[in-house]
Structure formats: structure tokens, C-alpha cells
Amino acid sequence: MSAAHAGSGELTAGVIGAGQGGMLSVRALQASGNYRLVGVADSNESARTRAASQLPGVEVYPDAGSLLSALQPSVVCVSTFAPSHPDVARQALQAGARGLLVEKPIALTWRLGRDLFDLLASQHVPAVVPHGLLVRNASAEVLRRVLDGEIGQVEVIEIESGGWDLISAGIHWVDFALAALGDDRPESVFCACDVTGQTYRDGIEVETERARNSFSGSTVTRGASSSGDGKTVIACGAVRRGRAR
């Protein structure tokens, strides 16, 4: 009998990725009375060792495929490094997952994200991408005041992500800026990236090869504009210089 049907009406859960984001899902699942955590997978040996010591009774696997094949959990939390999110989510769907949590960003491009959304819709599988910044009391109050026009007309929104990589943590601020625009579309977007350093998250280098191969020089600036009404957004994504582990 698979773990997904271990008890009448019980929702079992598996977490793919035992790093910082994955362990947040682990703790949330343990605190909930609606799910039973049955397995954790991570390709990093030290992460598996840590998970095994902290989670007695929970099976630990070296990869997503092994966990999904053995346990077939009802709900899967995808907390791997960003470029792998769509592929791991698809594996979970193929294994019969009835619900997904996929860490942000759900994909690196609009097309990949749209394809995954379409697949989820076709299979009637609910999914969520956690953007906690949108529901915290302080940030929700800021959004309300901006959208109500209380602070006046918004002309520029500037995002600086100097201590974290844009692809992982900085995406929260991009999402927050889009929420602050409401129904308006940005009139223009400007981005400056420093690709001289390397940033690591959970042992994974998160800078993209596309950025390395396309840009030259110590500091790279690229701008793009699109037609539309509304505000101007200035997004500055800066990667820390040097190596941070």
C-alpha cells in the first residue's frame, strides 16, 4: 500500500529539497494536523544526514524520483534550486500528487511557468507558490496604502537586492512591486546586474550561465521598455561580490 493511502482520508506529504526552504515546509507540515510527513529527498549528503537526524521515522532519499516512486505522497513540496522547479513538479504530477507547493520562482521564464500552469489545470491539481511577503501585516499595510493612493501617485519603484541573489530571495521584491502596481502595467523596466561575484544558496551556485556568457565587464547594465500605461519600475538586482557560502 502506498503512503498516499496509508489511512482513510489521510494526506501524506513529501518534501523535495532539505535546505532552508525545504525545512520551512517540513516544520509547517509537522505543525499541521492535516498532513503526515513521510519522506524528504535531497541530493546533498550532508543535508540528508541532517534531515535523518532531525526527523526520526521519516524516510530520507537521495533524489526526487526515489521518494516519489517509493512513497507516492498525496502532497509534494518542491524546494530544490530554482531552475529545477518545473521538472521536479512534473515528476510529482506523474507520481500522482494531488497537491503541490512549489517554491518561488515557479520557473525561470514565463513560458516554462505557463506550461506548468496549463498542466496543473488540465489535471485539476491545486498548487501554491509561497510569497509570504504579501500577507505579512506590515507589508500588506504598505500595499493597501499604495493601492488606495494614500501616499500619492507612484512614479518609480526601486528594488535593490544587494545581499541576496535576485533569482532566489530577490524575487519576493519583484513580486511585491508588481502587486503594488495593481492593475497598472509598468511603462518601462531598467535592470543593473553585477555578475563579477558568485552567490551560493544551499550549496548551489545560483548565478545563471546565460548571464556569464552574455555579459562582459565588471558591472553590466541593460534596459528594456515596453508600451503600456501606468508606472515606471526600476529594478536593480545586484549579486554580492566575492564568494559567500
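Worth a mention:
- Unique match (being modelled with pLDDT under 90 and in the same structural domain as F81 (by TED's automatic domain parsing)) among L120, L101, L166, L108: L108
- Of all the criteria given as (1) of a type in the set (S, T, Y); (2) modelled with pLDDT under 95; (3) more than 27 Å from A47 (Cβ to Cβ), the one not satisfied by T80 is (3).
- Among (1) closer than 28 Å to W173 by Cβ; (2) in contact (Cβ under 8 Å) with a residue 24 or more places away in the chain, the one test that N137 misses: (2)
Yes/no matrix, rows are residues, columns are (1) of a type in the set (F, W, Y); (2) under 30 Å from L11 (Cα atoms):
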residue: W110; (1), (2): yes, no
residue: G113; (1), (2): no, yes
residue: H131; (1), (2): no, yes
residue: L134; (1), (2): no, yes
residue: L147; (1), (2): no, no
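- Pairs where the first residue, in region 113-128, is closer than 17 Å to P73 by Cα and the second is of a type in the set (K, R) and surrounded by 15 or more Cβ atoms within 10 Å (Cβ to Cβ), C-beta under 7 Å, 6+ apart: V125/R98
- Apart from one condition, A51 fits all of (1) free of Cβ contacts under 8 Å to residues at least 40 places away in the same chain; (2) under 18 Å from A97 (Cα atoms); the exception is (2).
The values are calculated or read from the model by the stated rules, or taken from the named source; none is laboratory data. Since the model is a prediction, treat every value here as computed from it, not as a measurement. For neighbour counting, all protein chains shown are included, and Cβ atoms are generated from backbone atoms with ideal geometry for every residue, glycine included.
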